[in-house]
Amino acid sequence: MATAVAGSLAIVASPAFAQQAENSDASAYRGKVEVVRASEGGKGGAGGKNGSALTGKVFVDADRNSASGGGERGLAGVTVTNGRDVVRTDKKGRYRLPAFDNMTVSITQPSGYQVPLDKYNIPQFHYNHLPEGSPKLRYGGIEPTGPLPAAVNFPVTKSKQTAAEAQNCVIAGDLQTTDKKEIEYARAGAINDLSKRDDYAGCGALFVGDVANDDLALYPDIKDLFTEINGPVRLLPGNHDLDFDAPSAEHSFDTFRAQLAPEYYSYDVGNVHVVALNTVDYPCTAAEDSPEGIDEHCADPKGDPSYNGRMDEDQLTWLKRDLGKVDRDKLVVVAGHIGLLNYADESSPVHQVDQVKRVHKLLEGRKAVAVSGHSHSIENLKAGDDTKGWRDLFGVEGLPFPHITAGAISGDWYSGEVGEEGYPTAIGRDGGRPGVVTLDVEGSEFQERYTVTGEPGEVQTQLGINSPTYREWFKERKEWNENPSGEAPELAEPLVVDKEDLSGGSWLTTNFFFGSTGSTVEVGIDGAPAEKAERTQQLKGEAVNVGAEYSDPYAAAQQLVHGGSLAERTMHMWRFDLPGDLDTGTHTAEVTATDSYGREFTDTLEFEVAERP
């Protein structure tokens, strides 16, 4: 587990940490699901009609050729699903499931075993059954699969890494590349960082949606990025992975399903059960004869097809049944693109999940953590955190377990200046920098950490000065950006504080990227004893604080000039009032940010106090 070290973050590695990753190119378990077709003229699984059944087995692929036989044993107790029903294999590894058209059959990878990976490191553990194929879709969808197979068999191989109690699970938000240029931004940034790490080979990297940015023709190029990942690459669907020309919700993710993964599924590593959900409902419109008209929770109020954070009844039924097969002492990681709840959009019904209370109820009494993307913000929300929006929209008064929004690899949609490293600054709407989250797990306990793209682990804070001069510039520049006319207002010296500004309310800001309830920030000026800073958002049921007073000056100074979102609200900002009697000249602030686990991170800021000319 992670331990506290002044100014840095130390990780006690899992058994795989200091050695070549088990699924490197040299030793990766490559393979595919075995699909056994009926003999010519025979009946494949009763023809795939409703009421028929699909059978098969899960087997230990001793020779790693993806074909059952040769005395290879079946594996008992493995969970298999058709997306509705959930069963376990018998003592010979066999299963039987009801079959229907347009189903995805998948297994839950059991701890101590690894499903095969394709050449892109994407796990192969499912089979799509769609006899006639997708309706005509721009990006292809699913090719006709023909009659129900005689059997679908799932190979696995033994794995010490997925058996280990210590796991490091990477959670990556919103890769969301629009074109090949942005694919190279991602390669130079977070993907390059992950290629240098070998601590997540067992659990792998879970990309929580918006893999592409509407152009699904980029999937082959995006998958090429995953060859640089040192572990299994799992993916779930986001609202920019949609087949927007799908005639109905049942086909809205057909291209995603064909090329990447099921819409929803689960897998086990160590003592962790990960549930990857589809939390995007599309098209989201009410029926024409609905007395309520268009659903107010749809993204487009005009009634055009749009999306919403929602789970359908089939998925909720599956989730209940899936969890019913999971030991109650396991840690459950619930992942979705649109978060069950988040801070950035706490008053928006579209960008949170309508069925949040039902999901919370299903996890009652379990150790759990929710992870998501979508909002392009970094949020480390703890049990008990509360906002007015959650209460008003969903009747949720305090989180029952942690909810983490993982930020985005794309940051603020690859905006801002491109640095010499080859990717944009892309500072987010919360002032956070692009990066990835890692859950460091020991048994059923975990600690979360955030890694900024291109930086070592100890980089966790961003400092600035919020003064009356800055706030006036912020408001003027924001208005100018909305209606450009004449010369743009400039903030010439962001780290110079006018002496008169000290008496008008000036403070040092600390954006503690993964700071949370239970974290502290202390500031010492010019070697004086450190004093506590105040968190700007307490998360005790109040509304979100927005505006120049709550902004990140470092982030805003770049965003208002170079473009992108505006960091004027965040749940991980602390401020420290600057003393009114500071002398003119240069001063040094030493800032120590301590997270809820006692890990300390130290940063310094030099600023100047000057007399107004």
Practice prompt. With only alpha-carbon atoms counted, please give the Rg and Dmax of region 398-451, in Å.
Written response: 14.3, 43
Worksheet entry | region 43-137, accessible area per residue, ligands and nucleic acids excluded (1.4 Å, Å²) | 42
Worksheet item: Tell me, what ³J(HN,Hα) does each residue in region 113-122 have, in order and in whole Hz, if you take phi through Karplus 6.51 cos²θ - 1.76 cosθ + 1.60 with θ = phi - 60° and put x for Gly and Pro?
Response: 9, 10, 6, x, 10, 7, 5, 9, 6, 8
Response to the item:
Spelling it out for Val496: with amide H atoms placed in the peptide plane at 1.01 Å from N, the residues 5 or more places away or on another chain with amide H under 5 Å from its amide H are Glu608
Item to complete: Find the Rg to Rh ratio for region 482-613, where Rh is the Kirkwood radius over alpha-carbon pairs and Rg uses the same atoms.
Response: 0.98
Worksheet item: When only C-alpha pairs under 8 Å and at least 6 residues apart count, what is the relative contact order of region 71-111, in percent?
Response: 41
Fill in: Cβ crowding within 10 Å averaged over residues, with 413-421, 437-445, 220-228 ranked highest first
437-445, 220-228, 413-421
Worksheet item: Per-residue HN-Hα couplings for region 98-104, Karplus 6.51 cos²θ - 1.76 cosθ + 1.60 at θ = phi - 60°, whole Hz, x for Gly and Pro?
Response: x, 10, 8, 5, 6, 10, 10
Fill in: Separation of alpha-carbon centers, region 449-463 and region 582-613, rounded to whole Å
18
Fill in: Within the chain, helix-based [θ] at 222 nm, where runs of 4 or more DSSP H residues each add -39,500 (n - 2.57), nearest 500
-3500 deg cm²/dmol
Worksheet, complete the sentence: With a 1.4 angstrom probe the carbon and sulfur portion of accessible area for the chain, in percent, totals 47
Discussion item. Check which residues have an amide H placed less than 5 Å from Ser266's amide H, if you skip close sequence neighbours.
Written reply: Ala276
Response to the item:
With the 8 Å Cα cutoff and a minimum separation of six or more residues, region 137-266 has a relative contact order in percent of 29
Response to the item:
Amide H contacts under 5 Å for Asn271, restricted to residues at least 5 apart in sequence or on another chain and with H modeled in the peptide plane, are Gly443
Worksheet item: Over the chain, what relative contact order in percent results from Cα pairs under 8 Å that are six or more residues apart?
Response: 13
Discussion item. What lysines does Lys119 reach when the alpha-carbon gap must be under 25 Å and sequence neighbours fewer than 8 apart in one chain are set aside?
Written reply: Lys32, Lys57, Lys158, Lys160, Lys180, Lys181, Lys196, Lys223
Fill in: Rounded to whole Hz, the Karplus (6.51, -1.76, 1.60) HN-Hα couplings of region 180-195, x for glycine and proline
5, 4, 6, 4, 6, 4, 4, 4, 6, x, 4, 5, 4, 4, 5, 5
Worksheet item: Quick one: which of 105-114, 470-479 comes out on top by average Cβ neighbours within 10 Å, and what's the full order, highest first?
Response: 105-114, 470-479
Discussion item. Looking at the chain only, what percent of DSSP beta bridges run antiparallel? Nearest 5 please.
Written reply: 75
Worksheet, complete the sentence: Computed over region 54-113, the distribution of all Cα-Cα distances in 10 Å bins, rounded to whole %, is 23, 51, 24, 2
Worksheet, complete the sentence: Taking only the Cα positions of the chain, the convex hull volume per residue in Å³ is 161
Item to complete: Sequence neighbours fewer than 8 away in the same chain don't count; with that in mind, list the lysines whose C-alpha is under 28 Å from Lys361.
Response: Lys320, Lys325, Lys330, Lys382, Lys388, Lys540
Fill in: For region 52-191, radius of gyration divided by Kirkwood radius, i.e. Rg to Rh on alpha-carbons
1.03
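The values are calculated or read from the model by the stated rules, or taken from the named source; none is laboratory data. This structure is a prediction, so every number in the text was calculated from the model and none was measured. Cβ: placed from backbone, ideal geometry, glycine included. Neighbour counts: every protein chain shown. Just so you know, the surface numbers come from the protein's heavy atoms only, side chains and all, with ligands and any DNA or RNA stripped out. Shrake-Rupley method; radii C 1.70, N 1.55, O 1.52, S 1.80 Å.
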